[in-house]
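The values are calculated or read from the model by the stated rules, or taken from the named source; none is laboratory data. Computed from a predicted structure; not experimentally measured. Please note: Cβ atoms are built from the backbone with ideal geometry, for glycine as well, and neighbour counts cover all protein chains shown. These area figures cover heavy atoms from the full protein model, side chains too; ligands, DNA and RNA do not enter into them. Shrake-Rupley method; radii C 1.70, N 1.55, O 1.52, S 1.80 Å.
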Amino acid sequence: MLILGIESSAGPASAAVVQDGRLLGEFFVNTRQTHSQTLLPMVKSLLANLSLKVRDLDCIAVANGPGSFTGVRIGVACVKGMALPNNTACCGISTLEGIAYGGAGLVGSIICAAMDARCGQVYNALFEVEDTGLARLTEDRAISLEELGRECRSYGERLVLFGDGAQVCYKEFAAWGARLAPEPVRFQRAGSVALLAGERQWVTAGELMPAYLRMPQAERELKAKQMNWEDVK
């Protein structure tokens, strides 16, 4: 079973191929270039290095949110475009669960997956690492740093921070013992997305959808303008 994983939900972008639960290869970049510039060239080069074609894949998986609205859209659109010609199965994986997967070996720890959602909030989910894997403690959500800190304080040193929002959380939480995951495993990776997809139900390209959690900024601004217009009519 060959699965291509794609991760473009935040600053870093990556692509990985997994076969029967074994990571065959992974490309990761964290530059100022946009994902529309880097993602497809990475996929093309990775498949070429593994002597594979898109038609050889059983599934194409993607971190479908939450995260950067543009990054999530690029990733989902990229997967749909690759999957449609051969009717390849698709799989959407929670970005936050993909992040937490990096700490799956820290048995007994509480993994705090966090992404900067701006507006004083982070996208977050909490997981407990058990012998059998990750156990969800919360759903994916947008939450303020203050509220998250109150919720997590009792975990003390058991709490390990992962994701591109981990550093922001660490500045607030370090005083009571929260730990920051090492950079090589801190950020979301396509390898985690592909590995998790091997355990999930797959869908068609048409059924694959992004999971934003919040309304995109452009839509929020439009809605605010419409409400203001209603007030003056």
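Work from the charge dipole of segment 124-204 (Cβ charges, +1 for Lys and Arg, -1 for Asp and Glu, about the Cα centre) and give the residue of Gly165, Ser154, Leu195 farthest towards its positive end.
Gly165
For Asp56, Asp140, give me the order by solvent-accessible area with a 1.4 Å probe, most accessible first, ignoring ligands, DNA and RNA.
These residues rank, largest area first, as Asp56, Asp140.
Leaving out ligands, DNA and RNA, what percent of the accessible area of the chain is carbon and sulfur, probe 1.4 Å?
Working: 5870 of 11640 Å².
On the chain, the fraction of accessible area on carbon and sulfur atoms equals 50 percent.
What does the charge count around Gly108 come to, taking other residues whose C-beta lies under 14 Å from its C-beta (Lys +1, Arg +1, Asp -1, Glu -1)? Display every interim value, and only then the final one.
Working: positive: Arg158, Arg179; negative: Glu128, Glu130, Asp131, Glu157.
Cβ neighbours under 14 Å give a net charge of -2.
So how far, in whole Å, is the C-alpha centre of segment 85-115 from the one of segment 22-58?
18 Å
I want the local charge near Ser94. Using Cβ-Cβ distances under 13 Å, sum +1 for each Lys or Arg and -1 for each Asp or Glu among the other residues.
Net of charged neighbours comes to -2.
If you find the alpha carbon centre of segment 61-79 and of segment 129-192, how far apart are they in angstrom?
22 Å
Work through the residues other than Ala13 whose Cβ is under 14 Å from its Cβ and net out their charges, Lys, Arg +1 and Asp, Glu -1.
+1
State the label only: which of (i) 9, 36, 40, 14, 0; (ii) 8, 35, 36, 16, 5, 1, 0; (iii) 8, 32, 33, 19, 7, 1, 0 corresponds to P(r) over Cα pairs in 10 Å bins from 0, in percent computed from the shown model?
Of the listed options (i) 9, 36, 40, 14, 0; (ii) 8, 35, 36, 16, 5, 1, 0; (iii) 8, 32, 33, 19, 7, 1, 0, (iii) comes from this structure.
Kindly sort Arg179, Arg32, Arg55 by accessible area of their heavy atoms, largest first, with the probe set to 1.4 Å.
Arg32, Arg55, Arg179
How many Å² of accessible area per residue for segment 7-109, probe 1.4 Å?
43 Å²
What value, in deg cm²/dmol to 500, does the helix sum -39500 (n - 2.57) over DSSP H runs of n ≥ 4 give at 222 nm once divided by the residues of the chain?
-10000 deg cm²/dmol
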